[in-house]
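One structure below.
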Amino acid sequence: MGRAMIETDVAIVGAGGGGAVLALMLAQQGVRSVVLERAAGPPQGLRGEILQPNGQRVLDRLGLLDKLPTQAVRSVHRFNFCRSGGERLCTVDYSDLPAPYNRAVVTLPNVAHHAILDALEKQNPGGLWYDATFTGLRVDGSRVVGLQATRHGEPVEVSSRLVVGADGAFSKVRESLGISADIYRYPESYLIAILKAPPRFDEARYLVGKREILGLFPAAGQQVYAFYMIKAGSYDAVKAQGLEALRQAWVRIDPGMEAIVSGLVDWSQTGYMPTGRVRTDRWVADGALLIGDAAHAMNPHASQGRMQAMVDAVTVADLIPGWLKHDTLSAEALRAFELARRPQVSMLQRLADEQCQFWNTGNPLLAYLRDRVFRTLDRNARLRYRVLTTTAGLRSQPPFSLLDRVIAAGFLPDPRAQVRLPDEA
Ligand SMILES: Cc1cc2nc3c(=O)[nH]c(=O)nc-3n(C[C@H](O)[C@H](O)[C@H](O)COP(=O)(O)OP(=O)(O)OC[C@H]3O[C@@H](n4cnc5c(N)ncnc54)[C@H](O)[C@@H]3O)c2cc1C
């Protein structure tokens, strides 16, 4: 039987954090595209989502930020970093950032993603294919000219001028392009839960101890997300120990959360979040490129994985009309995207790995230094602002110079400790 052949300008593999934004932006610009998503429909699973200011900016540009259902989003301003046991070390306040993105937006699971997919279906009816799995590339010499897939189990071919691999950390598009990836699975992952919060639970808490992390983020509907670091792959082992053991561990880390843990009554309130990092030496080829986790998955300490996929999408969407118009889709031309995005992505990957070293540690000396840095940040508005703008996705430069590191560790005073330079972000 012959394969169905579809012709388009841009074929996107994966309707996740990056692919869906790219498809919607292209549709808004009138560029023809199809998106292949192997899942049967929009994601439904439990996942915590914090929209950082750079992600809010992307949603605003898509015309969606103000349209997110108010009952499903919550603005959070203050993030308190504490030692395991409850002692506060440092408070970071998003109100310090320039308006209007001077807050973190915590959404109920998949809310922003569903809004993007809904808008896409309206803007480009028939352009989003569920149950469609990428199986290989179509090539002409060394140039990618489309892809092969199965859709509802039937083979299909797509002829396109550009293929975008937005298919996540274990990208098959990347593999088909022969782009080798250094994939690192961190030894720690997270158990996540969404629970009822007590009244006036308005500020996030992030508790760090010796090989212990518990993050508590206020969510809409008087709820709270809990992120609890566990050994990678140990979700079943944690479950085997029972809910009471988990409740006790959490209350030991944060004695203030007794009221919250009493609402943890069933494992269905929890989920597992694996963590990994992807590094590749190139993101582009003739007629194809990679965005998001396929190119550069990062540790969640950066709080930027999804945001960076979204920013990739916007950057590519802005470049595509010019590439199509001038028919310049060589790897050399597409490198403009990689050059624009690598600095921030690489910085965040390095920073998140450094945070893993200090935040996840069981080593008393490293934990001591970590807590010292948090205490310095609490007093030092300049360095605190640097950290905030980095997490907010507003910086491409590393937050600290070598001298700043010495100051942050508390070994040198900082004459400019109270100088905040909003413009430097
Ligand atoms: C539980 C959890 C919670 C997270 N919370 C946050 C958070 O709060 N903030 C944050 O910034 N980041 C978070 N992340 C990370 C974030 O989800 C990713 O960094 C982000 O989704 C990357 O977007 P992406 O488009 O590159 O990949 P993905 O979102 O992974 O999308 C890839 C898509 O490609 C599809 N696909 C894969 N292979 C194929 C194929 N062969 N054919 C067709 N389709 C295919 C997949 O089904 C998927 O839909 C979280 C991750 C997890 C797992």
message = Can you compute 3J(HN,Hα) from phi for each residue in segment 397-412, using the Karplus curve 6.51 cos²θ - 1.76 cosθ + 1.60 with θ = phi - 60°, rounded to whole Hz and x for Gly and Pro?
response = 7, x, x, 10, 7, 4, 5, 4, 5, 5, 5, 4, 6, x, 9, 9
task = Please find the FRET efficiency linking residue 363 to residue 259, where r is the Cβ-Cβ separation and R0 is fixed at 30 Å, and quote it to the nearest 0.05.
result = 0.35
query = Once you put a point 7 Å from the Cα of residue 131 and another 7 Å from the Cα of residue 183, both along the Cβ direction, what distance in nm separates them?
reply = 2.7 nm
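Throw me the Rg/Rh for segment 363-424, computed over C-alpha atoms with Kirkwood Rh, two decimals.
On the way: Rg = 11.7 Å, Rh = 12.0 Å.
In segment 363-424, Rg relative to Rh is 0.97.
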ask   = If one computes the Cα centroid of segment 301-327 and of segment 341-355, what distance in Å separates the two points?
value = 17 Å
ask   = What is the gain in length, in nm to one decimal, between residue 248 and residue 379 on full extension, counting 0.36 nm per residue of separation less the C-alpha to C-alpha distance?
value = 43.9 nm
key: Exposure proxy order (Cβ contacts within 10 Å, fewest to most) of 267, 359   = 267, 359
key: Charge dipole magnitude, Cβ of K and R +1, D and E -1 - the chain, Cα centre, debye nearest 20   = 940 debye
remark   = In deg cm²/dmol, rounded to the nearest 500, the helical mean residue ellipticity at 222 nm of the chain, built from -39500 (n - 2.57) for every DSSP H run of length 4 or more, is -10500 deg cm²/dmol
key: Mean projected area (nm²) of the alpha-carbon convex hull when the chain is viewed from all directions   = 21.2 nm²
request  = Considering Cα pairs under 8 angstrom that are at least six residues apart, work out the relative contact order of the chain and quote it in whole percent.
outcome  = 19 percent
ask   = Most exposed first by the Cβ proxy, i.e. fewest other Cβ within 10 Å, how do 229, 298 rank?
value = 229, 298
Order of 246, 334 - criterion: other Cβ atoms within 10 Å of each residue's Cβ, fewest first = 246, 334
inquiry  = Between 0 and 90 degrees, rounded to the nearest ten: what's the tilt of helix 243-253 against the longest Cα principal axis of the chain?
reply    = 60 degrees
Proximal lysines relative to residue 325, as straight alpha-carbon distance under 26 Å, when same-chain residues fewer than 8 apart are discounted = 122
ask   = Near the amide H of residue 137, under 5 Å away, which other amide H atoms are found, from residues 5 or more places off or on another chain, if H is placed in the peptide plane?
value = 148
ask   = What list of ³J(HN,Hα) couplings, whole Hz, do you get for segment 369-377 from phi and the Karplus terms 6.51, -1.76, 1.60, once you set θ to phi - 60° and write x for glycine and proline?
value = 5, 4, 5, 4, 4, 4, 5, 4, 4
request  = Among 275, 311, 214, pick out the residue whose Cα is farthest towards the positive end of the charge dipole of the chain, where Lys and Arg carry +1 and Asp and Glu carry -1 on C-beta, about the Cα centre.
outcome  = 214
request  = Step through the residues of segment 182-191 one at a time and calculate ³J(HN,Hα) from phi using the Karplus curve (6.51 cos²θ - 1.76 cosθ + 1.60, θ = phi - 60°), rounding each to whole Hz and writing x for Gly and Pro.
outcome  = 8, 9, 10, 9, 5, x, 10, 9, 10, 9
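Is there a quick way to get the dipole size of segment 363-424? I mean about its Cα centre, with the Cβ of Lys and Arg at +1 and of Asp and Glu at -1; what is the value in debye to the nearest 20?
80 debye
No lab work stands behind these numbers, since they all come straight from the coordinates. The shown structure was predicted, so the numbers you read here are calculated from the model rather than taken from an experiment. Backbone-built Cβ (ideal geometry, glycine too); neighbour counts: all protein chains shown.
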